[in-house]
Amino acid sequence: MTGYEPPTALPRTLLDRADVRAAIAAHDFGTVFFLARAEAQISYSKIAAECDMKPERVGTLARGHGSVTSFEKVARIADALRIPGHMLGLAPRGWETPAPVHRALARAAHVSDADGDELRRREFFKASAGVGLVVALPELNRPRMGGRVGSDLPERLRQRTARLRRLDDVLGGGDTYRVYLGEYEATKALLRDSTYTEETGRALLSVLAEQAQQAGWAAFDGGRHTDATGLYEASHRAAADARDNALAGNALAFLAYQAVNGDRQAAIEIAARSCATAGPSAPKGVRALLYERLAWACAVAGLAAETERALAAAESALAEVDDAPQPDWVAWVDRNELQIMTGRCWTELQRPLRAVPVLETALAQYDDTHARDKSLYLSWLASSYLHAGEIEEAAAVTGRAFELSAEVASVRPRERLNPVLDRLGEHRALPAVAAVLDEVRI
């Protein structure tokens, strides 16, 4: 990238202006695009081409609608407009520093180029207060290679993993995968290169299993399905070796969730095995989650009675009076989340009279800050409206889902919404539908 000067590079005189610097610091790229065209005669079409965006999207941002929050897109804009990394909360970009110097700095910091990407992401996360993201991660005193691991380290690693999991609330797997994978690889190296007691070793394996699931989920969310499968399988092995039945069951549930779009019977069998592996003594949140995943596998396969039984088992688990602490990785499983899964299942079974009221009620209580998940859940509501013949309602919900997912680094919302758009296309003659189709297909 060093020898290439894009046609969209902002003039230094513009970068030095106070209003431009303020807009850049605030990640207000709409204002930056507007000023680039007004002051430097850089067209929106050129900006779109260099930033890998659609011209209409650039124009919409320039008119003050929408925002850019994903790491990849911010980095791409920085490179296209030649905005120095420090102005955006990023490390210096490759074109700012000659490649040999960049590599030397990386070696001096004892990180590889890939690790450098991860560090830039972390710096970006810290700078991205506009996304509402706050993650405080204390430094860990990891033992030197071959050193002795204290009995307290697994719990500290688990707490760190729990804090990192909060990234998934606001960012997609495309943004979190490298961070989660780095944590998994660091713990794997710790297990391989350090010494510890048998009990500490089992605890470290349990943490490793949890981290593998977290990285696998990010891989799945970012469209890296082969990576996800490998991480889920590695998680299952680690959890089994740690004798952590709950995590072993959850690893199988992840594999089942991934398999539902392929061999549906196999997905049901894996999901049923996940429930049996965790067993009746697993925490209630774990059992509820695994039965939800079983219900989903049954619904996708068109098995209504089996779906209903699994949902009832999940509800029964959640209803138990039990004050025992639940694993952090099931903290999001509550009654509202179960209602959303119930609505999704009835949507898959094409029972809109059951699905719509449940989804409407549950999603009214679901905060927009969980943009990726809410956009996904709205896609099932839109599908149910279509099944019920409520075309205008389906169009409105689809538009809202696209609005929420616009800058989330996840492949799943678009994958879910594309079939909905195809079905809406049959009703383009309706003004409400035409407006949404014109907006989201730009």
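Every number in this text was worked out from the coordinates using simple rules, so none of it is lab data. What you see is a predicted model; the values in this text were computed from it and never measured. Here the Cβ is made from the backbone with ideal geometry for all residues, glycine too, and neighbour counts use every protein chain on show.
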_Quick test for you: out of D193, D221, D227, pick the one residue that is crowded, with 16+ Cβ neighbours inside 10 Å, of a type outside the set (A, V, I, L, M) and more than 21 Å from L289 (Cβ to Cβ)._
D227
_Residue that is surrounded by the fewest Cβ atoms within 10 Å (Cβ to Cβ) [pool: residues in segment 338-359 that are touching a Phe, Trp or Tyr at 6+ places or on another chain (Cβ under 6 Å) and of a type in the set (V, I, T)]_ = I340
*Among the helices (runs of 4 or more DSSP H) confined wholly to segment 340-433, which include 3 or more residues that are closer than 20 Å to N261 by Cα and of a type outside the set (D, E)?*
371-387, 412-424
_farther than 25 Å from E439 by Cβ, under 27 Å from the mean Cα position of the chain (by Cα) and surrounded by fewer than 17 Cβ atoms within 10 Å (Cβ to Cβ): is that true of A75 in this structure?_
no
*Residue by residue through segment 28-59, note down the ones that are crowded, with 20+ Cβ neighbours inside 10 Å, outside any helix (DSSP H, G or I) and within 29 Å of the chain's Cα centre (by Cα).*
M53
*within 28 Å of the chain's Cα centre (by Cα), aromatic (F, W, Y) and crowded, with 17+ Cβ neighbours inside 10 Å - does that describe any residue in segment 292-302?*
yes
*asked:* I'm trying to understand the selection: among the residues of segment 253-291, which are surrounded by fewer than 20 Cβ atoms within 10 Å (Cβ to Cβ) and touching a Lys or Arg at 6+ places or on another chain (Cβ under 8 Å)?
replied: P280
